[in-house]
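Presented below is the structure to which this report refers.
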């Protein structure tokens, strides 16, 4: 992370409610301004996640998505407007984030994340926030973040259910990775897509906001990290549950072998 900037008078006013928090203060806000976060996906999870990270003053926000906006996206992808249908999601996101906080440097990556470009893209960031919608991308991010020693905050939603955890398996034996929970991807029949099974629009906001909170906590080193814990949310029951995760010795990514 780069050296911490001095806060300007407008920044002190903009981030006043952060600065008065003892856990953040002026130094913490300066850390947020100096931070570089990559958000994978400008869809249901990425939309609220990007909004809150921009509002929080994250200095550099990367967003990678190779999709364009469809009318069906607008039920949950609140960063986009009806007028944006057909527009690149990353360009729509850049416009929206500029309206929220023009001080934030938004770096759009209008490309498909794949094995050949993952390390190049992720290398420029401190933390990665995964808002993707498929296991192939989640595994790629998990493995690449492990190799590059990048913190990964990952969430997923479907129907009325969501889950979130933080992965930094390179920190030590008490920190598992995604493959410690899911060593192999479930079949496509076992995990339908949102297009097939549906998703509550507001659920994306709930999990995206939780992701933004965990990203900020990791940047500042405050509170209790979600590493080693998987939190699930049942919107119909209005309940959260916490599941302890342990590192697997035979994990193909972070195991002893």
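Scanning the range 198-233 for residues that are surrounded by fewer than 20 Cβ atoms within 10 Å (Cβ to Cβ), over 24 Å from residue 73 (Cβ atoms) and touching a strand residue (DSSP E or B) at 6+ places or on another chain (Cβ under 9 Å) yields 217, 225, 229, 230, 231, 232.
Out of 181, 164, 243, one residue alone is surrounded by 13 or more Cβ atoms within 10 Å (Cβ to Cβ), in contact with a strand residue (DSSP E or B) (Cβ under 8 Å, 6 or more places away or on another chain) and farther than 27 Å from residue 55 by Cβ. It is 181. Residue 98 meets each of the listed conditions (1) under 27 Å from residue 227 (Cβ atoms); (2) in a helix (DSSP H, G or I) apart from (1). Return yes when residue 97 is touching a residue at least 60 places away in the same chain (Cβ under 8 Å), under 22 Å from residue 34 (Cα atoms) and in contact with a helix residue (DSSP H, G or I) (Cβ under 6 Å, 6 or more places away or on another chain) and no when it is not. So residue 97 does not fit the description; no.
Entry remark, the range 44-90: residues being surrounded by 24 or more Cβ atoms within 10 Å (Cβ to Cβ), out of contact with any strand residue (DSSP E or B) (no Cβ under 9 Å at 6 or more places or on another chain) and assigned to a loop (DSSP other than H, G, I, E, B) number 2 in total.
Looking only at residues in the range 5-16 that are assigned to a loop (DSSP other than H, G, I, E, B) and out of contact with any helix residue (DSSP H, G or I) (no Cβ under 7 Å at 6 or more places or on another chain), the one that is surrounded by the fewest Cβ atoms within 10 Å (Cβ to Cβ) is 6.
Pick out the one residue from 125, 139 that is out of contact with any helix residue (DSSP H, G or I) (no Cβ under 6 Å at 6 or more places or on another chain), in contact (Cβ under 8 Å) with a residue 24 or more places away in the chain, surrounded by 15 or more Cβ atoms within 10 Å (Cβ to Cβ) and not in a helix (DSSP H, G or I). Selected residue: 125, the only one of 125, 139 that is out of contact with any helix residue (DSSP H, G or I) (no Cβ under 6 Å at 6 or more places or on another chain), in contact (Cβ under 8 Å) with a residue 24 or more places away in the chain, surrounded by 15 or more Cβ atoms within 10 Å (Cβ to Cβ) and not in a helix (DSSP H, G or I). Among the residues making up the range 17-34, those that are surrounded by 11 or more Cβ atoms within 10 Å (Cβ to Cβ) and either over 13 Å from residue 56 (Cβ atoms) or touching a strand residue (DSSP E or B) at 6+ places or on another chain (Cβ under 7 Å) (or both) are 23, 25, 26, 27.
Here, each number is a calculation from the coordinates, and none is a lab measurement. Not measured: the values here are computed from a predicted model. Note that each Cβ is placed from the backbone with ideal geometry, even for glycine, and that neighbours are counted across all protein chains shown.
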